[in-house]
Structures are given as C-alpha cells and as structure tokens.
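Notes to accompany the following structure.
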C-alpha cells in the first residue's frame, strides 16, 4: 500500500507540469505548458533519431526529455529574461530541493542520476536533449498564433538570442539539427518581417 500511495502522490505532482506555463505560446494562442514542451522534445528525438551523426542511447534521451524539467512541478518555471546570476543560483538550489523532494516518494536514485546528468551536460544524450530544449522555443516561435506576445520585448532580447550566430553554432555538433534550426530560423524570420516589420538579419551577429 505504501508504494502505491507514494506512486500516486508522485503522479499528482508530475501532473502539475501540465498546468505550469512557459512564456512561449502555441498555435491556438495559449501559453505552452512545461509538459507540452517535454512532449515536443520527445517527438523531436524520435523523428531525428535516424539522421543523428553521433550515436546516443535513445532510452536515456527519452528519460532526460521527460525528467529535465520535472522539478518545475514544485520550483516553477522562470523565464530566461528574468534569470540574473543571483536568480539562476536560487533556481538551481530550488530545483535540487524539488527533485530530492519528488524522489522521496519514488526512492529511485536513477531519477536523481538522470537529473544530474542533464544538469552537468557531459554525456552525448544530455547535450542532445539540451539542444532539443532550446530548439523547441524556436519551433514555438514558428508555430505560435502570432508573434506579438514576444514583440520587441526588452530591446528584442529574445530575437537577439534566437537569431545570433552563437545560438546557431551550438547546433553544429549535429548536422541535421543545424539544418532543422536553419529552416526554423528562416520561417520565423519571414513571420517576424511580415507580422512585426522586423528584419531578423540585424540580429545574426548579436551575442
């Protein structure tokens, strides 16, 4: 009974990821849930698998996609533009406390190991999952109902990041990911010009 109770309690916590909203918007205009973000990453991993140059353990990739934001069920999501050095440090501490609290129900060190693996980003699987994490933001820019929710927020903070060469170059480790990013970037740039009159080329060299 205790195991069943703990598992059920865990499921009530993980369900919160369906209610925890991110800054990004979806094609119907609604905010994107953290759970939806993780699901998108899993679908990307499945679709990209045959084209990956570097071998990865797909079971590990799936688990990392599902677990990487699990602490946000308790610690909540913090938009990137709010993450000062101090807030990043606090975020890290809160997420460690959250994953330990969650795992007190599961008593599964594998969960902790996977979370730490993603946090350290040394394994091929964790590096791939991080790229899927940031690529999903671009996909949401491409798919969202309209781009006015980003607009020129904080002197084009998000456009300077998304279109910068440094952002793009992170995908060079996997040619197919760089190709997909280039396709997404082109489509977002076209929307940005059409909807907001902003020329994305001004951001390509931004750091």
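Quick notes on this one:
- Test set (1) more than 23 Å from residue 108 (Cα to Cα); (2) touching a residue at least 40 places away in the same chain (Cβ under 8 Å); (3) in a helix (DSSP H, G or I) - residue 28 fails condition number: (3)
- Candidate set from segment 148-159 (those that are part of a helix (DSSP H, G or I), out of contact with any strand residue (DSSP E or B) (no Cβ under 9 Å at 6 or more places or on another chain) and surrounded by fewer than 17 Cβ atoms within 10 Å (Cβ to Cβ)); member that is modelled with the lowest pLDDT: 153
- Residue 162 being surrounded by 16 or more Cβ atoms within 10 Å (Cβ to Cβ) and at pLDDT below 95: yes
- Counted residues, segment 97-127 - those being part of a helix (DSSP H, G or I) and either more than 24 Å from residue 8 (Cβ to Cβ) or touching a strand residue (DSSP E or B) at 6+ places or on another chain (Cβ under 7 Å) (or both): 9
- The one condition from (1) part of a loop (DSSP other than H, G, I, E, B); (2) farther than 30 Å from residue 63 by Cβ that residue 192 does not meet is (1).
- Criterion applied to 180, 150 was being closer than 28 Å to residue 51 by Cβ and under 20 Å from the mean Cα position of the chain (by Cα), and the one residue passing it is 180.
- Within segment 195-207, considering residues that are in a helix (DSSP H, G or I) and touching a helix residue (DSSP H, G or I) at 6+ places or on another chain (Cβ under 7 Å), the one surrounded by the most Cβ atoms within 10 Å (Cβ to Cβ): 203
- Screening 145, 94, 130 for residues that are part of a loop (DSSP other than H, G, I, E, B) and either surrounded by 16 or more Cβ atoms within 10 Å (Cβ to Cβ) or on the phi < 0 side of the Ramachandran plot (or both) leaves exactly one candidate, 145.
Results for (1) without any contact (Cβ under 8 Å) to a residue 40 or more places away in the chain; (2) farther than 25 Å from residue 31 by Cα, shown as yes or no for each residue.
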position	(1), (2)
127	no, yes
131	no, no
164	no, no
170	yes, yes
179	yes, yes
198	no, no
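- In this structure, residue 23 does not qualify as crowded, with 17+ Cβ neighbours inside 10 Å, over 18 Å from residue 113 (Cα atoms) and more than 13 Å from the chain's Cα centre (by Cα).
- Test: residue in segment 43-52 that is under 17 Å from residue 115 (Cβ atoms) and in contact with a helix residue (DSSP H, G or I) (Cβ under 6 Å, 6 or more places away or on another chain): no
- In segment 53-82, residue modelled with the lowest pLDDT [restricted to those that are loosely packed, with under 14 Cβ neighbours inside 10 Å, touching a helix residue (DSSP H, G or I) at 6+ places or on another chain (Cβ under 7 Å) and outside any helix (DSSP H, G or I)]: 54
- Being over 30 Å from residue 178 (Cβ atoms), surrounded by fewer than 19 Cβ atoms within 10 Å (Cβ to Cβ) and at pLDDT 95 or above holds for only one residue in 13, 102, 46, 87, and it is 13.
The values are calculated or read from the model by the stated rules, or taken from the named source; none is laboratory data. As the structure is a prediction and not an experimental result, all values here were calculated from the model. Heads up, the Cβs are rebuilt from the backbone with ideal geometry, glycines too, and the neighbour counts pull from every protein chain shown.
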